[in-house]
Amino acid sequence: MRNSFSIHLSVFSILTCLSSFSFAQGKKELRLNRVKSISELVTVTDEGKEITYKDSYTLYGKNGKVIEKTDFNPDGGIKNKETEKYDRNDNVVEETTYAENGSKKKGKKNNGYKEDDPNDIPTLTPEKNSRKIFKFDSDNNKTEETEYDANGNQVKKITYTYTVNGAKSNEIHLNANNKQDHRFVYFYNGKGLRVKKETYDGENKLSAVKIYTYEFY
C-alpha cells in the first residue's frame, strides 16, 4: 500500500480570524501580526480517502515567545506537550514537559480532526512529566538548570559559571543527590574564541580534552 500525503498549514488567532502564515516568520512578525496561536493540520490521502488531523498547536504570548507547544499523533492522542514561563527579561525560567500517553481517554470532545469517536479526547501520562527550573545572573547568563520529576524530586542539576567577558568557563552536571557526574572546563584565547574543553568525571579526574583550531580568511 502506498500512501500519498498533502499538508495544509493554517494559522489562526483564537480571537477572530483565520489566515495563512509562513513558519519562516520570527518573533517580531508574530508580534506585529498579533498572532496568538499556530495550528498545523495534516491531510493524509489513503486509498482515495482523505483524513485530516491536527499535527501540532503552538500558543504564543504577546511578545511572540512560545508559551505552549503540543504535538499530536494521527489518532488525536497527544504525542508530547511543553509549556514555558519567562521572567521580565524574557529568559525561560520554567519549562514543563508532558510525556506521551499514546492512547485516548473518554471525554467531552475530540481535539484531533480524524474521523473517530467524538467522545474521545487525547490524554497524557502524569507520572512521566518533568519540569525544569532555570536561574540567571544580572547579565542574563544562565547559571543553573534543575530538572524535577512528576513528584518534585530532583533528577539532575547543571550549574554554569562565566568569565568577566561573559564566556562560559565551567559547567557542572550533578545527579539527583547533588553529586558530580561530570564537569566541563572551557578555555579561550585573546580573541575570545574557545580553544580547549576539558572533561572531568564524577571523581573530578580529567577524562578527556578537546582542542579547537580555526582557519581565517
Residues in the stretch 143-170 that a label on Q180 would reach, taking backbone N under 16 Å of a point 7 Å out along Cα→Cβ: 157-162, 169-170
In sequence order, calculated HN-Hα J values of the stretch 151-156 (Karplus, 6.51, -1.76, 1.60; Hz; x Gly/Pro): 8, x, 8, 5, 9, 6
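Tell me which trypsin sites (Lys or Arg not before Pro) from the stretch 153-188 have a DSSP coil assignment and no more than 11 other beta carbons within 10 Å of their own.
Numbers: sites: K156, K157, K168, K179, R183; in loops: K179.
Counting only loop positions with at most 11 other Cβ atoms within 10 Å, the trypsin sites (Lys or Arg not before Pro) in the stretch 153-188 are K179.
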Contour minus Cα-Cα distance for R88 and K135 (0.36 nm per residue): 15.7 nm
Built amide H within the under 5 Å cut-off of K196, gap 5+: F187, Y212
Residue-by-residue Karplus 3J(HN,Hα) for the stretch 44-58, coefficients 6.51, -1.76, 1.60, Hz, glycine and proline x: 9, 9, 10, 6, x, 10, 8, 10, 10, 9, 7, 8, 7, 9, 10
Spin-label model distance (nm) - N153 vs R34, 7 Å beyond Cα toward Cβ: 4.9 nm
Residue-by-residue Karplus 3J(HN,Hα) for the stretch 199-209, coefficients 6.51, -1.76, 1.60, Hz, glycine and proline x: 10, 10, 8, x, 9, 6, 9, 4, 10, 7, 9
Virtual spin-label span in nm between T163 and E68, 7 Å along Cα→Cβ: 4.3 nm
Amide H contacts under 5 Å for H182, placed H, 5+ residues apart: H173
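Coordinate-derived values only; no laboratory data. The model shown is predicted, which means the values in this text are computed figures rather than measured ones. Using ideal geometry, Cβ is built from the backbone for each residue, glycine included, and neighbour counts are taken over all protein chains shown.
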